[in-house]
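So the structure is just underneath, and the comments pick up after that.
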Protein chains: 2
Amino acid sequence: MGIKAVIFDAYGTLFDVYSVARLAETLFPGQGAKLAELWRDKQIEYSRLRTLSGQYRPFSQVTQDSLVFSLRKLRLDDSSPIVQRLVDQYGRLEVFPENAGALAELCELGLPLAILSNGDLPMLEPLLAQSGLGPYFTALLSADQVRRFKTAPEVYQLGPDTLGHAAAQMLFVSSNAWDACGARWFGYQSFWINRAGQPPEELGIAPDATGSSMRDVVAHVRSHAAASPQPPSHSERKDNE
Amino acid sequence: MGIKAVIFDAYGTLFDVYSVARLAETLFPGQGAKLAELWRDKQIEYSRLRTLSGQYRPFSQVTQDSLVFSLRKLRLDDSSPIVQRLVDQYGRLEVFPENAGALAELCELGLPLAILSNGDLPMLEPLLAQSGLGPYFTALLSADQVRRFKTAPEVYQLGPDTLGHAAAQMLFVSSNAWDACGARWFGYQSFWINRAGQPPEELGIAPDATGSSMRDVVAHVRSHAAASPQPPSHSERKDNE
């Protein structure tokens, strides 16, 4: 089915969450990568536990909590100034280098683009503003609106509700394999940007397509976009008769 | 409030899931511990994702799927005989050494003991049989009965439904910190056996008590058990008048 809109995950897909590792490495030489990885794992874990148990807190809180745990687990300084500096870095995550160009190309195809993120707006809006990516998107959808995190269906439902297309007519793009699978379970077409060359998840479902960067998303959308609303060609007219 | 029953998690609490590492190390020298850890992490992750997305499969399936992913991620042989040997080991997990003695002491206190596990009965029953722990328990409750995994409330609800006490009158015991927190969120009293000396989870809730082995659970229950149904003492009779 032709793609009528494209929805992007934010953290890990548009923004490189591991770019905090550089600051972490400055603060804790030799431990930056380890801290960044543990922090990210715990952040996702806490988001899922809180959703499973109906104990929602905004992603900004979850992000801070998971950082504190990670610092303690690695026996690093968990004092407030350290926590604050690292959390603040989440508002300055780097954009993957190819993303701005790729988003510009997707815009030229005339499809609406949206973001659907676990993040709450106080986290996402400044990040989007400083990254310069804001103008590419027609909607910024947050799990905070439904007080659950991915992969809860209520979160993915924000796409159809806001953009007015069925999930099956939209492409959901994520660098997180579990998110691309969750979106497929929900009913989206999905694209997994497998930046790290991971094996696919063994969840009994697969994304519709996989690539290694946002460039591959552009190629996929080009060949699967729904026809623009133009006068039907001769052959199409024949089909309608 | 006095404890009227004790409910135990199985994997990690009664049975040492990392005891598969020994077989893994035999099969893949130098990689056993890493494989066992990744396998366990993915097993839990898949159980949560499937619950969040309403895509339940029994824990035996989740356990096999997560093993296949882990073998591929570590670029190890993922052929059927290898997978089967490792999965079979889940039916022969070692019991933590102090557990049988501790369970015997708890039984002597006259409290009903139960198991509440993510595992399905085809996984749990043979394991319980070969471990010799079976006779200590009055109920074997499985997430499979409600087709969701922890920390979904429906799973924890099996305790009150089966044992006939309010969750607040029962102690839930787990070596998994997230499980002890999930049980507390649900309404149980909970005890975290922190075998590995981990920092507490930063989930805004804490188990009622923490110890380092099942011996500490016995001590806790001894001092918090509800009074046995005996003739009221003089002072208690006064309270009733």
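The values are calculated or read from the model by the stated rules, or taken from the named source; none is laboratory data. Model, not experiment: these values are computed from the prediction. In this analysis, Cβ positions are derived from the backbone assuming ideal geometry, glycine residues included, and neighbour counts consider all displayed protein chains. Please note that ligands, DNA and RNA were not included when accessible areas were found on the heavy atoms of the full protein model with its side chains. Shrake-Rupley method; radii C 1.70, N 1.55, O 1.52, S 1.80 Å.
If I ask for residues that are among the β-branched types (Val, Ile, Thr) and within 16 Å of the chain's Cα centre (by Cα), which ones from region A:172-214 would you list?
A:Val173, A:Ile193, A:Thr210
Take the conditions out of contact with any Cys (no Cβ under 7 Å at 6 or more places or on another chain), open to solvent by less than 30 Å² (accessible area, probe 1.4 Å) and within 14 Å of another protein chain (Cβ to nearest Cβ) and apply them to A:Ser174. Does it pass?
For A:Ser174, the condition - out of contact with any Cys (no Cβ under 7 Å at 6 or more places or on another chain), open to solvent by less than 30 Å² (accessible area, probe 1.4 Å) and within 14 Å of another protein chain (Cβ to nearest Cβ) - is met.
Give the residue that is farthest from A:Leu71 (Cα to Cα), with candidates limited to residues of region B:191-208 that are away from chain A (no Cβ under 13 Å) and open to solvent by less than 20 Å² (accessible area, probe 1.4 Å).
Among those that are away from chain A (no Cβ under 13 Å) and open to solvent by less than 20 Å² (accessible area, probe 1.4 Å), it is B:Phe191.
What residue, of A:Ala24, A:Ala33, is touching a residue at least 24 places away in the same chain (Cβ under 8 Å) and more than 29 Å from B:Arg184 (Cβ to Cβ)?
One residue alone meets the criteria, A:Ala24.
Counting only residues that are within 17 Å of the chain's Cα centre (by Cα) and open to solvent by less than 20 Å² (accessible area, probe 1.4 Å), how many does region B:1-19 have?
13
Which pairs do you get when a residue that is free of Cβ contacts under 8 Å to residues at least 24 places away in the same chain, found in region B:129-148, comes within reach of a residue that is open to solvent by 30 Å² or more (accessible area, probe 1.4 Å), reach meaning Cβ atoms under 8 angstrom, with the pair 6+ apart or on two chains?
Cβ pairs passing all conditions: B:Val146/B:Glu154; B:Val146/B:Gln157.
Checking the condition assigned to a helix (DSSP H, G or I), open to solvent by 10 Å² or more (accessible area, probe 1.4 Å) and of a type in the set (Gly, Ala, Ser), which residue from A:Ala104, A:Ala24, A:Ala36 passes?
After ruling out the rest, the residue left standing is A:Ala104.
So for region B:62-80 (the condition being of a type outside the set (S, T, N, Q), in contact with a Gly (Cβ under 9 Å, 6 or more places away or on another chain), on the phi < 0 side of the Ramachandran plot and not assigned by TED's automatic domain parsing to the domain that holds B:Ala183), does at least one residue qualify?
For region B:62-80, residues of a type outside the set (S, T, N, Q), in contact with a Gly (Cβ under 9 Å, 6 or more places away or on another chain), on the phi < 0 side of the Ramachandran plot and not assigned by TED's automatic domain parsing to the domain that holds B:Ala183: present.
Results for (1) of a type in the set (D, E, K, R); (2) at the interface with chain A (Cβ under 7 Å from one of its Cβ atoms); (3) crowded, with 19+ Cβ neighbours inside 10 Å; (4) not in a helix (DSSP H, G or I), shown as yes or no for each residue.
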site	(1), (2), (3), (4)
B:Arg50	yes, no, yes, no
B:Tyr56	no, no, no, yes
B:Thr63	no, no, yes, no
B:Arg75	yes, no, no, yes
B:Asp78	yes, no, no, yes
B:Gln84	no, no, no, no
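Return yes or no: is A:Thr162 open to solvent by 60 Å² or more (accessible area, probe 1.4 Å) and of a type in the set (S, T, N, Q)?
yes
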